Amino acid sequence: MATVFKNLTNNDITTTRTLLHEAIPITGSILSGTYNNNSTLALGSETNIKTYSHGMFESIYDYPYLSSSANHIFDMTMGYGTGSALSSSSNTQNTKKINLYQQLAQVLVGFTTGSSDIRPFDENGDLTEGTKIKECFFLNFSRLLGKDEIKKGSFSLELGVQAPWSSAADGGTVFNTRIKITDASGSTGYKVNSPVGEYGILYATGTVNQGVADVPVLWTGSAEIVEGQKVAVGLLYYQTGIAVLSGSVFNSNQGTIAGVMSTSPGILDDILCSSSFLGSNFGGPDAARPTQGSGFNAITQSSIDTISDALRNRIYNISFNNTTELNSTIYFCRANHNDFNFSANPTYLSSSKIRVKNVSTDAPVSYVTSVGLYSPDNELLAVAKLSEPLKKSPETELTLRVRLDY
Amino acid sequence: MAFLDNSGDIILDAVLTDTGRFRLAKGDGSFKIAKFALGDDEIDYTQYDKNNASGSAYYDLTIMQTPVLEAFTNNASSMISKLVTMSRNNLMYLPIIKLNEESPNNQTTGIVAGFGSNFFYVAVDQNTENEVANGTWTSGVISGQTLTQPVCVLLEQGLDTMEIPPNVALDVDLVEDQYILEMDNRFGKPAKKDGKISIASPSFIDDDNIASYYFSLAQTPGYVTNEWPTKVQGTETQNINAARIRGPRGTQFYFRIASSIDLATSTYLFEKLGGTTSLDFGGGGGAQTYYFIDSNVRVIGGTTGFTLDIPFRYIKLQPS
């Protein structure tokens with residue numbers, strides 16, 4: 001009996017799960033410089049930066065966002081908790097900054113057991129005690145980049161901390177001194193006590209110093225970080241693709257700026273936090289903004305967009321590997337020696353006579369270029385093409401491994 | 001679609017078809033892969049040089065260099081010619097499916113003077129049928145609205161060779177006992193050849209509105225028969241001559257096309273997918289303007305996989 005189909009048995013079908021990784025490099029020039037029309041556009045007006053009338057976050061694209069070729073790569077925002085010393089009703093966008101912190105803390109950290117109190121971010125992941133991160137930046141990576149999750153241990157963010165601030169886009173020296181923030185232990189140790197999956201601790205180390213002789217010098221509390229040591233500066237939520245960066249990365253280890261205000265101690269040496277260091281948006285104390293200290297303290301009198309711009313211009317690069325969970329079904333299409341040796345191709349016959357034979361005892365030959373996978377009612381559900389024709393004759397058996405990814 | 005890179009190892013480029021994705025999205029369990037088939041759409045077997053003086057290694061040199069296209073996602077565009085499993089390898093002949101236009105009732109318009117282009121016309125409404133009927137009913141025109149005229153499509157299956165006489169029985173394993181008919185569901189449905197209006201029901205309709213119908217010797221005797229008429233035009237001799245299959249015969253497949261309500265009552269599809277043409281069916285009123293849509297009906301041998309596309313032109317008299 002002639003037939004064109006062969007049934008697949010359970011032994012011909014298997015399923016697999018593969019983790020696929022892509023390297024995602026985000027260079028600082030995309031974030032600041034490339035799309036400012038040769039420095040003619042003001043900070044925040046670059047063509048790849050989308051801001052919103054609500055002013056709660058800004059979106060960064062890899063190309064001018066009005067173009068259909070543009071891809072959304074991540075969002076930036078920041079906030080502080082209700083327990084932060086920075087919280088004050090006189091602050092710019094005070095409610096929005098609190099709401100943003102609370103919203104993300106609610107989603108990423110959850111609630112205190114048995115109550116509706118939102119837990120603050122914790123520096124070392126121990127929710128019961130330890131230092132809380134009360135002021136932070138948030139980098140929310142798009143699903144296009146993060147895919148199913150950020151690969152643990154692959155995240156790296158380098159920030160320029162050169163003093164005084166001058167735009168790299170204008171040939172300035174902002175990146176001459178840098179700190180590097182990584183989830184260094186993510187590949188071996190990570191936390192699982194978040195309602196949204198796994199997260200790792202972000203640690204900072206000094207990397208490049210071409211500026212002030214004894215910087216970058218990082219501190220943790222009153223202790224200076226020596227070579228090989230690192231200091232916790234945030235959290236990275238792998239599945240949600242959100243980096244929570246403590247405001248301490250731009251604060252002085254003294255916690256006080258020239259007597260202007262007292263804040264939580266930061267990680268930078270005090271010398272880096274002079275009034276001229278972080279530039280206008282991170283600012284030093286001045287008459288116009290008397291309550292501003294250095295670094296993150298500037299958030300009090302600046303809008304979220306302004307601070308986002310300031311951080312964006314200090315990002316030297318970001319890189320990580322994403323992960324895609326590929327669930328596959330593999331169909332082993334086995335053509336035995338006596339299967340599929342003839343063809344219904346119109347050119348196979350000449351006046352019903354098989355072209356590839358001289359006499360009936362010659363072995364029939366056919367050539368495979370495609371594999372069709374069919375439903376029980378003969379509907380073509382999937383098709384696979386070979387890169388070149390494959391000869392099939394009674395002398396050969398083939399097993400074609402067709403993988404469908406979901 | 002581009003060609004696949006064939007410079008290295010053999011790779012398989014697999015995609016879900018649009019029907020596959022459609023069924024997956026339905027989530028009703030209809031996405032179930034149960035069988036496979038192998039295809040050779042790109043292969044031109046006339047390039048097989050079995051007399052190459054350099055030896056057997058050179059017989060298929062050209063075929064093996066055939067570039068292969070990437071996979072199409074349209075389910076109707078792939079796997080048109082399939083490889084066939086036969087229970088024996090010593091076959092020298094394989095059966096085909098062939099259109100028989102010998103009888104006036106089975107002719108396409110291509111052999112009717114003045115109608116060119118080997119179509120079967122389908123008159124989609126009563127007005128069009130009346131205009132055709134004003135003269136002598138033209139061969140090759142199916143009365144799609146009323147199905148009162150005997151014009152139908154006749155397909156024959158067997159060995160189309162002069163080297164084996166037709167009175168030799170076709171081997172049982174080469175007899176096609178099932179036909180699959182695929183056509184655009186918006187235009188019509190297949191119907192039996194006899195005078196009674198009996199319209200087939202589709203087995204399924206895919207996402208592109210292509211309906212599939214199954215006809216078999218056992219289940220749908222009005223369509224498929226292995227009892228070749230003893231007298232087509234009067235005598236047994238004429239019968240043998242009338243058959244277009246010149247060698248041993250398998251089965252015959254008859255059908256007509258009943259026009260859809262959309263075509264009978266609206267010009268929307270004609271204006272969107274077709275055009276207008278001038279035809280004179282000899283009713284004395286001269287040439288009239290007709291809307292038309294050209295389309296194919298595909299018939300596939302359910303067992304042997306042989307595929308035949310038959311061109312149809314749906315016509316509708318344009319109101320004057």
message: Nothing charged except the Cβ atoms of Lys and Arg (+1) and of Asp and Glu (-1): what's the magnitude of the dipole of segment A:1-84 about its Cα centre? Round to the nearest 20 debye.
response: 240 debye
query: Hey, rough spin-label estimate for B:D28 and A:H54, points 7 angstrom out along Cα→Cβ, what's it come to in nanometres?
result: 3.9 nm
- prompt: How high is the relative contact order of segment B:9-130, given as a whole-number percent (alpha carbon pairs under 8 Å, six or more residues apart)?
  reply: 21 percent
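Hey, fewest Cβ within 10 Å first, where do B:R249, A:R355, B:R88 land in order? Could you put the intermediate results ahead of the total?
On the way: B:R249 23, A:R355 17, B:R88 11.
Fewest to most other Cβ atoms nearby, the residues stand as B:R88, A:R355, B:R249.
Can you tell me the dipole magnitude for segment B:1-83 around its Cα centre, using point charges on the Cβ only (Lys, Arg +1; Asp, Glu -1), in Debye to the nearest 20? Mind dumping the intermediate values first?
Details: 7 positive and 12 negative charges, 114 e Å.
In debye, rounded to 20, segment B:1-83 gives about 540.
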task: Would you tell me the mean number of C-beta atoms belonging to other protein chains that fall within 10 Å of each C-beta in B:27-35, as a whole number?
output: 6
task: Would you give the gap between the C-alpha center of segment A:22-70 and the C-alpha center of segment A:92-145, rounded to a whole Å?
output: 26 Å
Backbone HN-Hα couplings from phi across segment B:121-132 [Karplus 6.51/-1.76/1.60, Hz, Gly and Pro as x]: 7, 10, 7, 8, 9, 5, 4, 5, 4, 4, 5, 5
Projected-area mean, segment A:5-85, by convex hull of Cα positions, square nanometres: 12.8 nm²
message: Below 8 Å between Cα atoms, with a sequence gap of 6+, how large is the relative contact order for segment B:96-317 in percent?
response: 29 percent
field: Pairwise centroid distance, computed over Cα atoms, of segment A:343-406 with segment B:297-318, Å
entry: 23 Å
- prompt: Say R0 is 56 Å: what FRET efficiency, to the nearest 0.05, do B:D207 and B:N167 get from their beta-carbon distance?
  reply: 0.75
message: Across segment B:1-83, what fraction of all alpha-carbon pairs, as a whole percent, falls in each successive 5 Å bin from zero upward?
response: 3, 12, 16, 20, 16, 13, 8, 5, 4, 2, 1, 0
query: Taking +1 at the Cβ of each Lys and Arg and -1 at the Cβ of each Asp and Glu, which of A:N313, A:S328, A:V356 sits farthest along the dipole of segment A:296-367 towards its positive end, judged by Cα position relative to the Cα centre?
result: A:V356
field: For A:S185, net neighbour charge (Lys/Arg +1, Asp/Glu -1) across residues whose Cβ lies under 11 Å away
entry: +2
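How shielded is B:73-83 by partner chains, expressed as the average number of their Cβ atoms within 10 Å of its Cβ atoms?
Working: counts 2, 2, 7, 1, 2, 8, 8, 4, 9, 11, 16.
Per residue, the number of nearby Cβ atoms from other chains is 6 on average.
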- request: Taking each pair of different alpha-carbon atoms in segment B:96-317 once, compute 1/r for the pair, average those values, and report the inverse of that mean as the Kirkwood hydrodynamic radius in Å to one decimal.
  value: 17.9 Å
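If the limit is 19 Å between Cα atoms, which of A:K353/B:K82; A:K180/A:K230; A:K353/B:K98; B:K98/B:K316; A:K97/A:K152 go over it? All intermediate terms of the calculation are to be shown ahead of the outcome.
Details: A:K353/B:K82 17 Å; A:K180/A:K230 10 Å; A:K353/B:K98 15 Å; B:K98/B:K316 28 Å; A:K97/A:K152 29 Å.
Over 19 Å apart, Cα to Cα: B:K98/B:K316; A:K97/A:K152.
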message: Just to be sure I understand the model, the point goes 7 Å from the Cα along the line to the Cβ. What's the resulting A:L326 to B:T146 distance in nm?
response: 6.3 nm
- request: State the Cα centre-to-centre distance between segment B:26-66 and segment B:198-215 in whole Å.
  value: 28 Å
query: If you take the charge dipole of chain B about its Cα centre, with +1 on Lys and Arg Cβ and -1 on Asp and Glu Cβ, which of B:Y121, B:L24, B:P67 is farthest toward its positive end?
result: B:Y121
- request: Can you check what the net charge comes to around B:N74, using other residues whose Cβ is under 10 Å from the Cβ of B:N74 (Lys, Arg +1; Asp, Glu -1)?
  value: -4
message: Give me the net charge for the shell around A:S67: Cβ to Cβ below 15 angstrom, other residues only, Lys and Arg +1, Asp and Glu -1.
response: -1
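Within 10 Å of each Cβ in B:43-50, how many Cβ atoms from other chains are there, averaged over the peptide?
Working: counts 9, 5, 13, 4, 2, 8, 0, 6.
Per residue, the average neighbour count from other chains is 6.
Only the coordinates and a few stated rules stand behind these numbers; no lab work does. A quick note: this is a predicted structure, and the numbers were derived from the prediction, not measured. Neighbour counts run over all protein chains shown; Cβ positions are idealised from the backbone, glycine included.
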